[in-house]
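The values are calculated or read from the model by the stated rules, or taken from the named source; none is laboratory data. These numbers come from a predicted model, not from an experiment. Here the Cβ is made from the backbone with ideal geometry for all residues, glycine too, and neighbour counts use every protein chain on show.
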Amino acid sequence: MSEETVVRYEVERGIATITLDSPANRNALSAALRTGLAAAIERAGADDAVRGVVLTGSGTVFCAGADLKEIASGAPPAGPGIPDILTALLDLPKPVVARLNGTVRAGGVGLVAACDIAVAPDDVTFAFTEVRIGVAPAMIAVACAPRMTSRAASRYFLTGETFTAADAVAAGLVTAACPRDELDTVVTAMLDGIRRAEPNALAATKRLVRDLPGLDRTEAFSRAERLSAELFVSPEADEGRRSFFEKRPPSWAL
């Protein structure tokens, strides 16, 4: 099975949609899927016409985590590893929105955490199932732990229990949950916001959200002040001010 058959890539109005398309194995993170996903993320990052990314899945499962059959086969590891995929999502200088189509388990939860925004239908469930098969959510914890409250992370990592979309929102893992028939409306509103934002400002803001929690207050203010000063004198900021006073969309708006 080639990566082209298990990951789809489309671009519309500045938004690249990456679809995990291996429903026969519940969009498990096989070597082919990881390879295709890594290539799609790289493609979106290299395309200046792409302002943001949607990550979704086909079928009734967003991602079931590791491909246990592939692991059990004894075949040597191939393709990008989970840390490579999560790092690519976290470091992509463009916002990534997880549009969850269905069940999320194990490594799939790591993908959700690595996205900047995550929206789930309210009937979707989540679980860190690793401990129930004798392993740990080790690599995905690097992405999940900073998103989640410490109590929620301890509970769901340690018990492997299933939790709801509402629980995921309360835990900090998911941005919003909504009725399934409202999913596209909610996601589209967020994407329209990204389309109206200036690309360099988006990249800088994503870095701030990622980096500031790890800095002490003095360094955080120092870095923020430098960035603010740099952006306010940019040609893009000048265009943003002009468009505001002239009551028109800025030149970058899609």
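Suppose the filter is buried (at least 18 other Cβ atoms within 10 Å of the Cβ) and assigned by TED's automatic domain parsing to the domain that holds Leu29; does Ala120 pass it? The answer is yes for Ala120.
Condition test on Ser251, is it over 19 Å from Val119 (Cβ atoms), of a type in the set (S, T, N, Q) and in a helix (DSSP H, G or I)? Against the criterion (over 19 Å from Val119 (Cβ atoms), of a type in the set (S, T, N, Q) and in a helix (DSSP H, G or I)), Ser251 does not qualify. For region 32-63, filtering for residues that are farther than 21 Å from Ile194 by Cβ and either crowded, with 19+ Cβ neighbours inside 10 Å or at pLDDT below 95 (or both) leaves 8.
Inspect all residues belonging to region 121-133 and state whether any of them is under 29 Å from Gly45 (Cβ atoms) and small (Gly, Ala, Ser). There is no residue in region 121-133 that is under 29 Å from Gly45 (Cβ atoms) and small (Gly, Ala, Ser). The set of residues from region 150-169 being more than 20 Å from Ala64 (Cβ to Cβ) and of a type outside the set (A, V, I, L, M, F, W, C) comprises Ser150, Arg151, Ser154, Arg155. For a quick check of your reading: which strands (runs of 3 or more DSSP E) sit entirely within region 94-154 and have at least 3 residues that are within 30 Å of Ala201 (Cα to Cα)? The qualifying strands (runs of 3 or more DSSP E) are 96-99, 117-121.
The residue that is modelled with the highest pLDDT, counting only those in region 1-20 that are more than 18 Å from Cys115 (Cα to Cα), not in a strand (DSSP E or B) and not basic (Lys, Arg), is Val6.
Name every residue in region 163-182 that is assigned to a loop (DSSP other than H, G, I, E, B) and hydrophobic (A, V, I, L, M, F, W, C), in order of residue number. Within region 163-182, Leu173, Val174 qualify. Could you please let me know if Ala98 is at pLDDT 95 or above, of a type outside the set (Ser, Thr, Tyr), at negative phi and touching a strand residue (DSSP E or B) at 6+ places or on another chain (Cβ under 9 Å)? Considered against the rule, which asks whether it is at pLDDT 95 or above, of a type outside the set (Ser, Thr, Tyr), at negative phi and touching a strand residue (DSSP E or B) at 6+ places or on another chain (Cβ under 9 Å), Ala98 comes out as yes.
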